1. Counting only residues that are among the hydroxyl-bearing types (Ser, Thr, Tyr), at pLDDT 90 or above and under 27 Å from Leu235 (Cα atoms), how many does region 111-165 have?
2. What residue, of Leu114, Leu105, is within 14 Å of the chain's Cα centre (by Cα) and closer than 30 Å to Thr274 by Cα?
3. So for region 175-194 (the condition being of a type outside the set (Asp, Glu), touching a helix residue (DSSP H, G or I) at 6+ places or on another chain (Cβ under 7 Å) and closer than 23 Å to Ala275 by Cα), does at least one residue qualify?
4. Among the residues of region 253-260, is there at least one that is within 30 Å of Gln26 (Cβ to Cβ), modelled with pLDDT of 80 or more, buried (at least 21 other Cβ atoms within 10 Å of the Cβ) and not basic (Lys, Arg)?
5. Considering every residue within region 82-100, establish whether at least one is in contact with a strand residue (DSSP E or B) (Cβ under 9 Å, 6 or more places away or on another chain), in contact (Cβ under 8 Å) with a residue 24 or more places away in the chain and of a type in the set (Val, Ile, Thr).
6. What number of residues within region 87-125 are touching a helix residue (DSSP H, G or I) at 6+ places or on another chain (Cβ under 7 Å) and within 19 Å of Ile214 (Cβ to Cβ)?
7. So for region 222-244 (the condition being farther than 28 Å from Pro61 by Cα, more than 17 Å from the chain's Cα centre (by Cα) and modelled with pLDDT of 80 or more), does at least one residue qualify?
8. I'm told Gly195 meets every condition in (1) assigned to a helix (DSSP H, G or I); (2) on the phi > 0 side of the Ramachandran plot except one. Can you identify the failing condition by its number?
Amino acid sequence: MRSAASSSLPLAAERDRRVQPTFWDQLARNPQALTGSMLVAIIVVVAVLAPLLAPQDPNLPNPDQLYQPPSLAHPLGTDEIGRDILSRMIFGARISLAVGMAAMLLAGAIGISLGAISGYFGGRLDAVIMRLADTFQAIPSLVLAIGILAVLGAGLSRVVLAIALTTWVAYARVVRSSYLALKEQQFVEAALAVGVRPAAVIVRHILPNAIGPILVILTLNVAGAILTEASLGYLGLGVSAPTATWGSMLVQGQKLIRVAPHVAIFPGLAILLTALSFNLLGEGLRDILDPATRGG
């Protein structure tokens with residue numbers, strides 16, 4: 001009897017592992033994550049294939065087609081100098097996604113590095129990094145971004161840097177809390193006992209176990225970065241003309257809202273849809289990757 005019972009334990013464990021849903025199974029069953037991922041995938045495909053999908057040159061003016069409403073020739077109409085709005089929006093998706101992703105990857109690199117150092121080593125180093133984070137968090141992000149661009153000047157790389165410097169704090173705080181809990185685990189003590197260097201422990205042993213919350217923040221903050229880029233473009237601090245960006249298109253359309261409202265409406269809807277898509281994906285990933293949320 002004892003032998004039969006003990007032999008059934010591995011079989012039960014194997015059966016539990018088999019019925020455990022994978023990440024992709026949970027993604028398919030989560031309406032928010034599934035909808036968000038599909039919308040994000042569509043936007044990414046449009047941005048990547050912009051030269052093939054855009055019906056016209058996005059920067060080509062046409063004085064004979066000013067302020068044209070949506071039509072077969074121009075599905076979303078034309079702007080104040082006759083440029084095709086659909087073509088400009090398709091190419092503008094490239095800028096918005098590039099700024100959003102690049103800014104969040106840079107912010108992640110800064111925040112994850114500082115948060116890992118702060119959480120693992122603690123002490124005075126932790127206090128200094130957290131006070132630095134408090135200082136950045138005390139300043140409204142848009143105001144800080146405007147100040148940085150006022151010093152550095154406008155431009156794509158500078159916009160990315162400005163947004164990254166206003167958003168790294170969220171990564172640092174989440175990573176710090178994860179490292180504070182994980183550094184006490186037995187697998188960390190075992191790694192240190194066999195002579196693994198602290199730098200390797202931080203990167204190879206602890207970081208993979210903290211990746212879930214990081215992915216959630218990354219996804220949610222991409223939407224915020226896109227909105228910030230649009231706001232900076234609206235204020236004239238974004239990417240230089242004539243490069244098509246949704247923010248710059250929106251600011252131009254705002255001046256024409258009574259004459260040609262479509263010039264502002266379509267870029268605004270694109271910004272709204274993209275931000276909503278990344279927010280849906282981020283919320284869905286939070287449900288999947290955060291045990292506390294999933295349990296609730």
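The values are calculated or read from the model by the stated rules, or taken from the named source; none is laboratory data. These numbers were taken from a predicted model, which means no experiment stands behind them. Positions of Cβ are backbone-derived with ideal geometry, glycine not excepted, and every protein chain shown enters the neighbour counts.
1. Matching residues across region 111-165 total 1.
2. Working: Leu114 fails: within 14 Å of the chain's Cα centre (by Cα).
Result: Leu105 is the single residue among Leu114, Leu105 that is within 14 Å of the chain's Cα centre (by Cα) and closer than 30 Å to Thr274 by Cα.
3. No: region 175-194 contains no residue that is of a type outside the set (Asp, Glu), touching a helix residue (DSSP H, G or I) at 6+ places or on another chain (Cβ under 7 Å) and closer than 23 Å to Ala275 by Cα.
4. no
5. Yes.
6. Residues flagged as touching a helix residue (DSSP H, G or I) at 6+ places or on another chain (Cβ under 7 Å) and within 19 Å of Ile214 (Cβ to Cβ) within region 87-125 amount to 18.
7. No, there is no match, as no residue in region 222-244 is farther than 28 Å from Pro61 by Cα, more than 17 Å from the chain's Cα centre (by Cα) and modelled with pLDDT of 80 or more.
8. (1)
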